[in-house]
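Have a look at the structure below, then the notes.
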Amino acid sequence: MIRTQDLAYAVENISRRDPEIGYALSELLAAGRIRIPVDAGSLGKDPCFLFEDNRVFVRKVSFFNHGIAPVEERLVLQYGEAAEKHRIEEIPSPGDFFAAATRIHLAGIFCLVNFELFNAISRLKKKIRAAGSSTDLENILNARLKTLQQMLQEPPASFGMPLSSKEPLYFIEMQRSVDCHFVLFPFSYAALGQLAQLNLEFFHLRFVLDLFITGASHRLFAAVSQGKITGMMYLVEKKRLFYTGLEIHYVATVNGISLDEQTLDYPRIRGTGTFLMAGAWLLWKSRFPRASEIVLDAEIGAEQFYDTIGFDFRPPYGYLLKHPKEKLLLYIVGMAMNCDTLPDRLQAAVIQCIKQQIAILRKSIPADDPKRKIAILAVSTCNQGGKNKSLAAVAQHLVSRDHRRIPEAGMLLQVLAQDDADRSRHILVKGASMIWVVSDPVFDQHLEGIFHMESRKRTRALASILAKDPFADRVIPVQPRAATEDELAWVHLPEYIEKIAGTTGKKLTTLDPDTQTTPQSYAVARLAAGSVFNLIDAVYKDPLHRCGMACIRPPGHHAEPDRAMGFCLFNNVALGAAYLQHRYKAKRILIVDVDIHHGNGIQKAFYDSRQVLYFSAHQFPCYPGTGKLSEIGTGAGKGFTINVPLPKGSEDKDYAAVIHFLLQPVALQFQPDMILVALGFDLYAQDPLGQMNVTPDGYALITYMLKQLAKKVCSGRIIFVLEGGYSIRGIRECGLRVLQELVDLPTLSPEKIRRMTPEKPGSVPELKKAMDLHRTFWPSIP
Ligand SMILES: [Zn+2]
């Protein structure tokens, strides 16, 4: 807490350095216009004072070491703003309010930076005089003096920092396309201006400039993103008899402070604290060979955070770090991979980390244990796409040497061999609960400009969910690509493909009473099918993120080899299954159709195949009329088509029962390589084309059950491909729940799941019949 005498003392100090500012401030102080608020004690950790009735916060500082410099600094800044405001008010028509506010804000910062630079220069001159005849020291000090004087002469127009001129020590992509750089604090007017603006705890200007004057600035580091400082760190060597540690003396990030309107455009990047710790660890291993560990003061707070990333609390020393964990480990490996070369000692230390992770993979830790997930991420970060080729080679060697004892070795080796830096960075950044998603405005172009039930509002509804929290950071985008004619011919007849291609450029073509095309429809339909291929690639190759969702249109499950039907042109899901067969030589593929309508097109494409099991539960009777219980496949494919025709009005629990009592045992016996879900939102109770009674809770449950099933039978590989669903509200509400389940943000309690799953199949007569009929092919059915 600040007391009135602290303010008086601060003003007195300012007067000694700048009589003009000091005089103005002492007048304001005497008039009570600068004062301590009555409720000062109850305002949390940051002390504050009132300046013309505005609260001015002085961030947590060590008052003992640096006097009341932070109070002085805030006073000078306020003075600068007030003086500019006064000048503007003198002008008859001051003009644009926002421009004026910006000018006032900048004037405060310039005033403060200039004030502290002048101060620093006079302290430095004193030092030079004291150095006397020692010319070496004098030269060094004079060089520093010159730097400061130059800064004063060239104040910048804005405080952004072009980073290209500053070599980052380390960097990493922290969010999609946002690089974060770990740099030596760049001593420049712009950087000082940013610090003045940010008012970070510990890092006030006088402290920072003192480090420069005394030659300690090589231990001051910053996290910089998009030209802006997002965090600061000051390291010292902590020395005792027979002991040296590298102490993180001060650390602060932009995330920890509240920003005012003028600083709102500062990037706030989650994980900046961990990023700075990773930088400290890399420095420790490369530049501070004597230090036996990293030390943090015990009073620093945020114990839990330090605990999760690998710090041990050991009184009286405080927090000690030797072996990084979790995100810290991933950042370290990622930053090391982004360097061409590392000093030998550091490279050896990173390799040691990788070895420890591989040791974890050799143990029989379950697949969903966080420790195992982190180990997979850490190792897969070392792929050939990174700059540090020798580290990548070491990781490859270590995994292949132990490949018999690591279940994920095949996947890992595939990822490690990839020369695609982007992918590895994504894997690194995203953590465990990410999904691959296709969502692209290009799908708007089908049926553009005409009224149709199957409208772009459907995919847009999903896109708007994906753009917001908590999905924005949990989605790894997959780009659409056009399926080739050869690929389309896996399912469709060449004459049919030609027919659809022929609609290109035509304003409106009617293919069947429900199914129309517009000029771009053929191109968009090829992109929809190709998107499923790309999504399969992503999910198939990724050792960790094995869920995907394709928010595409036109839909596909009614499209037959030679015929467009029910809003569908090309059969996206059937083509996806064919892609798995051709590209990955998949032997068994399970397709689950949860649209209210029977997917006649998918059924037809694989009716005689025992490699693709088509499972559909749908309203019956209903469009398109197929999907009777007795349709079970033909020839070798007998038993590999399973239809559960359900009466209208079926509910959440009926679907749960179908999955639990029929799909699950069949899938366990079938052991597919991957599950493809044809996902319609038209089971939703208020869908204009359907008459089922499924709720958003029901969609969450279906998703949850399918995902669990995928984990049991095919290492979690599952993709959801959008089919029908014509209530936009239904897509929005049910889509949200599906996506939440997919990114592991469960929305149903275990209790609720139990309540929603019937104990006996008997409540659904059609299910009983289907079970009895298919038990001949699938003895696993109870
Ligand atoms: Zn449908």
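Observations on the model:
- Protein accessible area in the stretch 4-153, 1.4 Å probe - carbon and sulfur %: 55
- In degrees, nearest ten, helix 457-466 long axis to first principal axis of the chain (Cα): 40
- Y79 sits among other residues whose Cβ lies under 14 Å from its own Cβ, and their net charge, with Lys and Arg +1 and Asp and Glu -1, is -4.
- The stretch 163-322 - accessible surface per residue (Å², probe 1.4 Å): 39
- Simple rule: put +1 on each Lys or Arg Cβ and -1 on each Asp or Glu Cβ in the stretch 4-153, find the dipole, and look at V71, I36, H105; the Cα lying farthest toward the positive end is V71.
- Its Cα centre serving as origin, the stretch 462-573 has a Cβ charge dipole (Lys and Arg +1, Asp and Glu -1) of approximately 360 debye.
- Solution diffusion estimate, µm²/s, Stokes-Einstein, the stretch 163-322, Kirkwood Rh from C-alpha pairs, 25 °C, viscosity 0.890 mPa s: 151
- Charges were assigned to the Cβ only: +1 to each Lys and Arg, -1 to each Asp and Glu. The resulting dipole of the stretch 4-153 about its Cα centre is roughly 640 debye.
- Counting heavy atoms of the protein chains alone, D344 has an accessible area of about 130 Å² for a 1.4 Å probe.
- Rounded to the nearest 500, the 222 nm mean residue ellipticity of the chain from helices alone is -14000 deg cm²/dmol, with -39,500 (n - 2.57) taken per DSSP H run of at least 4 residues.
- Simple spin-label estimate for M453 and S763 in nanometres, 7 Å along Cα-Cβ: 2.9
- Rounded accessible area per residue of the stretch 4-153, 1.4 Å, Å²: 55
- Accessible area of the stretch 565-709 belonging to carbon and sulfur atoms, whole % at 1.4 Å probe: 53
- The angle between the Cα long axis of helix 421-430 and the longest principal axis of the Cα atoms of the chain comes to about 80 degrees, rounded to the nearest 10.
- The chain - percent relative contact order, Cα under 8 Å, separation 6 or more: 7
- Most positive-pole-ward Cα, H598, A222, G730, against dipole of the chain from beta carbon charges: A222
- Accessible-area ranking of W778, W490, largest first, probe 1.4 Å: W490, W778
- Which of I257, P407, V532, positive extreme of dipole for the chain (C-beta unit charges): P407
- Only Lys, Arg, Asp and Glu carry charge here, each on its Cβ (+1 for the first two, -1 for the last two); on that basis the chain has a dipole of about 2320 debye about its Cα centre.
- The accessible surface of the stretch 340-429, taken with every protein chain in place and a 1.4 Å probe, is 53 percent carbon and sulfur.
- On Cα atoms only, tilt of 189-198 relative to the major axis of the chain in degrees: 70
- Note on exposure: M161, M549 ranked by accessible area (1.4 Å probe, complete protein assembly) read M161, M549, with the most exposed listed first.
- Taken per residue, the accessible surface of the stretch 340-429 reaches 46 Å², heavy atoms only and a 1.4 Å probe.
- Accessible-area ranking of F98, F203, largest first, probe 1.4 Å: F98, F203
- Rg ratio (alpha-carbon, reference 2.2 N^0.38 Å) - the chain: 1.18
The values are calculated or read from the model by the stated rules, or taken from the named source; none is laboratory data. It should be emphasised that the depicted structure is a prediction, and the values quoted were computed from it without experimental measurement. Positions of Cβ are backbone-derived with ideal geometry, glycine not excepted, and every protein chain shown enters the neighbour counts. Please note that ligands, DNA and RNA were not included when accessible areas were found on the heavy atoms of the full protein model with its side chains. Shrake-Rupley method; radii C 1.70, N 1.55, O 1.52, S 1.80 Å.
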